[in-house]
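The values are calculated or read from the model by the stated rules, or taken from the named source; none is laboratory data. Remember, predicted model here, so these are calculated numbers, not experimental data. Here Cβ is always computed from backbone atoms with ideal geometry, including for glycine, and neighbour counts include all displayed protein chains.
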Amino acid sequence: MRFIADFHLHSKYSRATSKGMEVETLARWAKRKGITLLGTGDFTHPTYFAELQAKLVPSGNGLFRLRDGEEGVRYLLTAEVSNIYSQGGKVRRIHNLLFAPTFEVAEAIRSKLGNLGKLSSDGRPIFSFSAKDLVKMVVDISEDCLIVPAHAWTPWFSIFGAHSGFDSIEECFEEMSPHIRVLETGLSSDPEMNWRLSALDNIALISNSDAHSPHRLGREANAFDCELDYREVVETLRKKDRRKFLFTIEFFPEEGKYHYDGHRQCGVIFSPSQTRTNRYLCPHCHQKMTVGVMHRVEDLADRPEGFVPRDAVPSIHLIPLEEIIAEALSVRVGTKTVETEYARLVERGESEFRILLDASPEELASFAPPKILEGILRMRQGKVSIIPGHDGVYGKITLFPEKGGDFQSRGQMQLF
């Protein structure tokens, strides 16, 4: 069974999230997007956990479904944990995703964490013990759990982050490293960038939305062809089984908030080489610049750009349909015009991912306006104009630049 999964998202109990981040609303949006399997997010939060227990019922395979409402969507119990601690004379800020197979296991994790910190303050709780100790604690509760370093390259809160991370999985997790079999690449990097590190060859690279509002679901996701079953999904990832783990769906990583180096306050965007030339200082105010993901990858890479490992799981870069509509119609995302056209297209095309990934140009032409169709086809071909994100500012990906033909092609893999 082919399906799309988005494992990393947050509930309305996390900071800076929409009130719509609850399971019923998420299910409706998942159906529009074409997502079959969703992480619940935030199972550590006591109020949200009680809601999950009341609203979800086991589907008999380690996954869950809504007690009432949309029947086609399945849920997997997930949470994100932040560990802030000192190691090697440096403050580390590491975020990890946790997958749990049952409410009983999730409750045991919550109980243990509740003795070590305050779970009710945020959907993504913060603890002062190490990421290694988190892994040991979770594995001791159940080896069926999966621990995944989250958004692995984000400068401030990740395993490889330039300002608070480590240079290797082993440096971070030490003797618990064998339990780390999966890594989340994050919005500002993609698998192609991670392939430059031979140390990650045996690690499955997943991509998720990290959504804080329902319409952000699926901006990154994962495609599988296996049973809709917790253990099969987890084992597929642990074994990096390419027969069952088909591909990842990616942002153009340049659109991520930390792809390039820069200093937001002064409007400076630098490539890694420009940053080195300027000795890591902003040329305007001479403060230290935020080193981005591309720079950090180059620091740790032992392979050239463009290297493809023999057993690499492919990826494809998409632009959300709402953004394509908005640019094609020269209006803003979030306007009534975009919402109305999005709803019409999804109703005709069955789901957003079917429109972006699978529908033929001939089928699309039967219900999509010519300019929107052109935008979808340009995206599929990787014909985009790019201004990279930097220092917390999202990048800009343009399908219709003012000067015709001024595109940067990213050589999309053809999976349609």
Residue hits (the range 41-84; more than 30 Å from LEU116 (Cα to Cα) and of a type in the set (Asp, Glu)) are ASP68, GLU70, GLU71
- Query: Taking the stated definitions as given, is LYS244 of a type in the set (Lys, Arg), at positive phi, assigned by TED's automatic domain parsing to the domain that holds HIS10 and at pLDDT 95 or above?
  - Reply: no
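Does ASN194 satisfy the condition of being more than 19 Å from PRO149 (Cβ to Cβ) and touching a strand residue (DSSP E or B) at 6+ places or on another chain (Cβ under 8 Å)?
Numbers: more than 19 Å from PRO149 (Cβ to Cβ): no; touching a strand residue (DSSP E or B) at 6+ places or on another chain (Cβ under 8 Å): yes.
For ASN194, the condition - more than 19 Å from PRO149 (Cβ to Cβ) and touching a strand residue (DSSP E or B) at 6+ places or on another chain (Cβ under 8 Å) - is not met.
State yes or no: is PRO101 within 27 Å of SER198 (Cβ to Cβ) and not acidic (Asp, Glu)? Walk me through how you get there before you give the answer.
On the way: within 27 Å of SER198 (Cβ to Cβ): no; not acidic (Asp, Glu): yes.
Criteria not met by PRO101.
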A careful count of residues in the range 382-402 that are surrounded by fewer than 19 Cβ atoms within 10 Å (Cβ to Cβ), in contact with a strand residue (DSSP E or B) (Cβ under 7 Å, 6 or more places away or on another chain) and over 22 Å from VAL331 (Cβ atoms) gives 1
Charged (D, E, K, R), in the same structural domain as SER11 (by TED's automatic domain parsing), within 21 Å of the chain's Cα centre (by Cα) and assigned to a strand (DSSP E or B): does that describe ARG93?
-> yes
If you go through ARG219, ARG231, the only one that is part of a loop (DSSP other than H, G, I, E, B), in the same structural domain as ARG32 (by TED's automatic domain parsing), charged (D, E, K, R) and over 19 Å from TRP195 (Cα atoms) is ARG219
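Have a look at SER188, SER158, SER177, SER213 and point out the one that is among the polar types (S, T, N, Q) and more than 16 Å from the chain's Cα centre (by Cα). Let's see the steps before the verdict.
Details: SER188 fails: more than 16 Å from the chain's Cα centre (by Cα); SER158 fails: more than 16 Å from the chain's Cα centre (by Cα); SER213 fails: more than 16 Å from the chain's Cα centre (by Cα).
Being among the polar types (S, T, N, Q) and more than 16 Å from the chain's Cα centre (by Cα) holds for just one of SER188, SER158, SER177, SER213, which is SER177.
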Out of (1) in a loop (DSSP other than H, G, I, E, B); (2) under 22 Å from VAL346 (Cα atoms); (3) not β-branched (Val, Ile, Thr), the one GLU24 does not meet is (1)
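In this structure, does ILE269 turn out to be in contact with a Pro (Cβ under 8 Å, 6 or more places away or on another chain) and more than 30 Å from ASN202 (Cα to Cα)? Spell out the reasoning first.
Working: in contact with a Pro (Cβ under 8 Å, 6 or more places away or on another chain): yes; more than 30 Å from ASN202 (Cα to Cα): yes.
Yes.
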Scanning the range 1-19 for residues that are farther than 19 Å from ALA221 by Cβ, more than 18 Å from the chain's Cα centre (by Cα) and of a type outside the set (D, E, K, R) gives TYR13
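Can you tell me which residue in the range 112-143 is surrounded by the fewest Cβ atoms within 10 Å (Cβ to Cβ), limited to those that are in a loop (DSSP other than H, G, I, E, B) and under 22 Å from the mean Cα position of the chain (by Cα)?
ASP122
Kindly indicate the residue of the range 69-87 that is assigned to a loop (DSSP other than H, G, I, E, B) and in contact (Cβ under 8 Å) with a residue 40 or more places away in the chain and also nearest to ILE147 (Cα to Cα) among those meeting that condition. Don't jump to the end; show me each part of the working.
Filtering the range 69-87 for residues assigned to a loop (DSSP other than H, G, I, E, B) gives 69-73.
From what is left, the residues that are in contact (Cβ under 8 Å) with a residue 40 or more places away in the chain are 69-70, 72-73.
Values: GLY69: 30, GLU70: 29, GLY72: 26, VAL73: 23 Å.
So the residue we want is VAL73.
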Over the range 371-393, the set of residues in contact with a helix residue (DSSP H, G or I) (Cβ under 8 Å, 6 or more places away or on another chain) and part of a loop (DSSP other than H, G, I, E, B) is PRO388, GLY389, ASP391, GLY392
Selection over the range 275-332 where residues are β-branched (Val, Ile, Thr), in contact (Cβ under 8 Å) with a residue 12 or more places away in the chain and assigned to a loop (DSSP other than H, G, I, E, B) yields a count of 4
Scanning the range 163-218 residue by residue, those at pLDDT below 95 and of a type in the set (A, V, I, L, M, F, W, C) turn out to be LEU187
Per the list (1) over 19 Å from the mean Cα position of the chain (by Cα); (2) farther than 20 Å from LEU9 by Cα, residue check on ILE109 breaks on (2)
Problem set entry | Filter pass, ALA27 being surrounded by fewer than 24 Cβ atoms within 10 Å (Cβ to Cβ), in contact with a Phe, Trp or Tyr (Cβ under 9 Å, 6 or more places away or on another chain) and in the same structural domain as LEU134 (by TED's automatic domain parsing) | yes
Discussion item. I'd like to check something: does the range 45-64 contain any residue that is in the same structural domain as PRO214 (by TED's automatic domain parsing), touching a residue at least 24 places away in the same chain (Cβ under 8 Å), aromatic (Phe, Trp, Tyr) and in a loop (DSSP other than H, G, I, E, B)?
Written reply: no
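Test ILE35 against the criterion of being in a helix (DSSP H, G or I), at pLDDT 95 or above and within 24 Å of the chain's Cα centre (by Cα), and give yes or no. Before the answer, list the steps.
On the way: in a helix (DSSP H, G or I): no; at pLDDT 95 or above: yes; within 24 Å of the chain's Cα centre (by Cα): yes.
So ILE35 fails the test.
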